[in-house]
Amino acid sequence: MNNEYFENIGFIHPLKRSSKILDKIDAYNMSEKLDDKENPTWYKKVFYENKYYYCFRDVKRAFKEEHDFMSSKKFSKERYDKMKHKFGTIAYVSDQNIICQKALNMYKQRWEIELVNDFYKNTLELDSVKVDDDLSVYADELLIIGYRIKINLKMQVYLKLKHIEK
């Protein structure tokens, strides 16, 4: 069977800032910059143990988080020194080797979906927005893959019959 249907299937998941793997791979030591004048962003991409790690620091967001942290009642110099390199960061793990701009755009699209769901649930006060759990998503993916296999097999049978008729 042809693998063209499956070559783009993969995963990309956000990581918590407290994930130990990010310190292990030195993800917060970013040296490359995305070309975006509105949102200056540092990034780093690391391949480790057959996975790709994408880490971003939005400079504007980092400034706001640092400001909020320093203004809080829980501020202490020790906590600040421990956390300052994580302000404004977001990290992902994936099995896909994609360009960093694309990984960041995926996050932005996901965030837009979250905002729409929040609008439905909190502003419009709807009881449910039909957000699926992981099991439902896996089942949907299984059905899609099964359907693609079925279509591919039918097409192969059809082409064989057409070839026999000639």
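The values are calculated or read from the model by the stated rules, or taken from the named source; none is laboratory data. Note that the structure is predicted; figures quoted are calculated from it, not measured. Virtual Cβ from ideal backbone geometry, glycine too; neighbours counted across all protein chains shown.
Ser71 versus (1) polar (S, T, N, Q); (2) without any contact (Cβ under 8 Å) to a residue 12 or more places away in the chain; (3) within 30 Å of Ile145 (Cα to Cα): which is the lone unmet condition? The one condition Ser71 does not meet is (3).
The residue of segment 103-122 that is surrounded by the most Cβ atoms within 10 Å (Cβ to Cβ), among those that are more than 20 Å from Val93 (Cα to Cα) and polar (S, T, N, Q), is Asn117.
Taking the options Tyr52, Tyr48, Tyr80, Tyr43, name whichever one is of a type in the set (Phe, Trp, Tyr), out of contact with any strand residue (DSSP E or B) (no Cβ under 7 Å at 6 or more places or on another chain) and modelled with pLDDT of 90 or more.
Result of the check over Tyr52, Tyr48, Tyr80, Tyr43: Tyr48.
Scanning segment 44-79 for residues that are assigned to a strand (DSSP E or B), surrounded by fewer than 19 Cβ atoms within 10 Å (Cβ to Cβ) and not basic (Lys, Arg) yields Val46, Phe47, Tyr48. Please indicate, with yes or no, whether at least one residue in segment 10-23 is in contact (Cβ under 8 Å) with a residue 60 or more places away in the chain, within 30 Å of Lys154 (Cα to Cα) and not in a helix (DSSP H, G or I). Within segment 10-23, one or more residues are in contact (Cβ under 8 Å) with a residue 60 or more places away in the chain, within 30 Å of Lys154 (Cα to Cα) and not in a helix (DSSP H, G or I).
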